[in-house]
Amino acid sequence: MSRRSLLRALGGGATAAGVAALATGCGVPAAYIAPDERGAADRSRTDRKVTFANWPLYIDTDDKDKSKRPTLEAFEKRTGIDVRYTEEINDNDEFFGKISPSLMNHQETGRDLIVISDWMCARFVRLGWVQEMDRARQPHVTKYLDPLLRSPSFDRGRKFTVPWQSGITGIAYNKKRLGREIRHVSDLWAGDLKGRVTLLSGLDEAFALLMQGDGVDVTRWTADDFHRMCDRVEKLVDSHHIRRFTGNDYIKDLSSGDVLACQAYSGDVIQLRADDPDIEFVVPEEGAELWAESLMVPNLARHKANAERLIDHYYEPEVAAELAAWVNYVCPVPAARDVLASSKDKELAALADDPLIFPDDGMRKRLAIARDITSGERTEFAKRWNSLAGL
C-alpha cells in the first residue's frame, strides 16, 4: 500500500484549523519571524545527531526487519551521525497545529528536519518559520535536483525547501470497464460517466488539474480563473454528474467499480495497477500538477548542519534510487533512473521505465507546479470550495 492510501486527505480538526487560520490570516504580524531571529547555536559538531520527522511508510525498510531503514543506516555508518527518525506526520494541518505554538513563540520544536506538502511549506516560508539552507553542504542537491522542481513560486531557487519525493495529480480510470480512453479533463464530463466520477475534496489537491482542463496556466492563475472553475464544478455537482468528493478512499471506489474515473495521485495508481492492470493513470493533454513534499529545517533547530548533510545524502543518485524503488513516487533525482536501469534485478530495472516514477520527456512537458494559494486568498477560496465539496 502506498503511504497516501493510508492517510486522511484532509484533517487537523478544529484546533489545528484554528491555529492555521490564526497564523496564516491577515493582521497577525507577530507570527512572522525575521531572518536574524531564526537560527540557534548549531551543536552539530559536538552533538552528532539529527531528529527527523516524516510521514508513515515514506522511507525504505528492510524486507526481513521493518525496523531497519537501510538508507538511513548507511548515512549513520558513513558520518557517525545518529538519526532519530519519527513517523509523526499524518496530516499537514494537524502537524502545523502541533508545532506552530513553538514557532510563533520563538521556541525550539525539538526537530531538526521535517517533511510536509509544498502547499503547507509555503505557509512556513512566508511566516519565516524555517531556515535558509547552506548549499555548500549540499553539492548533490545543487547538481541533481530535478529542474522541474527547482523554483516553485513560494520558494524561488529552493533556498528553504528541498523535495523529499514528488508526485502528479492526474486522472485514474478503469479502461476495460469504461471502454474508451481518457485524454482530456473534459472527458470526465461525458454522459457515460455521470455519477461515476469523483474529485479530490482538498482544495490544494484538486484545483490545479481542473483549471488546467480549462486551459489555465496554473503557474500564474488568478481569482477569476478559480471562480470560473468553481462555477463549472457547481453545475456538475447540481446535475449529479460528480458522484462525490473523496480523500484517498477513491482507491476503494475505483477498485470496486463504483467509480470509473477520478482525480488521483500517481503513487497510488502504481500500487493499484499491481492488482488491476486495467487501471490507467493519465496526465491530460492540457497538463497536470506536479507537486512535492519537501524537507525543511525549522527555526532554532540545534543540528542544522547535520540535517543539511542528511538531505544531501538522499540526493546521491544511488541513494535516491534505493528510496524510489521502495516508495514508488516521482523521484526528484532524475539521475537515479540510470542507477535502476543498470540493476541486474529485473523488477528494479523495470522501474526505470515507469513514467510515474521517472516521467518521460513527453509527460514532463505537460507538468507544472501550480502557484500556491496565498494567505490572503485562502479564506475566501476555501469557503467556496468547501461548500461545493460538502465539507
Residue within region 301-311 that is in contact with a Cys (Cβ under 6 Å, 6 or more places away or on another chain), outside any loop (DSSP other than H, G, I, E, B), surrounded by 21 or more Cβ atoms within 10 Å (Cβ to Cβ) and among the polar types (S, T, N, Q) present | no
Conditions (1) surrounded by 15 or more Cβ atoms within 10 Å (Cβ to Cβ); (2) assigned by TED's automatic domain parsing to the domain that holds residue 331; (3) within 27 Å of residue 326 (Cβ to Cβ); (4) in contact (Cβ under 8 Å) with a residue 60 or more places away in the chain; number of the one not met by residue 205 | (2)
Looking at region 79-125, which of the residues that are in contact (Cβ under 8 Å) with a residue 40 or more places away in the chain and of a type in the set (Lys, Arg) is nearest to residue 377 (Cα to Cα)?
-> 123
Run down 282, 297, 319 and say which single residue is surrounded by 20 or more Cβ atoms within 10 Å (Cβ to Cβ) and in the same structural domain as residue 210 (by TED's automatic domain parsing).
-> 282
If you check residue 236 against the conditions, is it closer than 27 Å to residue 327 by Cα, at pLDDT 95 or above and touching a helix residue (DSSP H, G or I) at 6+ places or on another chain (Cβ under 9 Å)?
-> no
If you go through region 97-113 one residue at a time, do you hit one that is assigned to a strand (DSSP E or B), in the same structural domain as residue 35 (by TED's automatic domain parsing) and under 29 Å from residue 375 (Cβ atoms)?
-> yes
Kindly indicate the residue of region 312-353 that is assigned to a helix (DSSP H, G or I) and under 28 Å from residue 124 (Cα atoms) and also nearest to the chain's Cα centre (by Cα) among those meeting that condition.
-> 327
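The values are calculated or read from the model by the stated rules, or taken from the named source; none is laboratory data. Here the structure is a predicted model, which is why all the values come from computation and not from measurement. Every residue, glycine among them, receives a Cβ derived from its backbone with ideal geometry; neighbour counts consider all protein chains shown.
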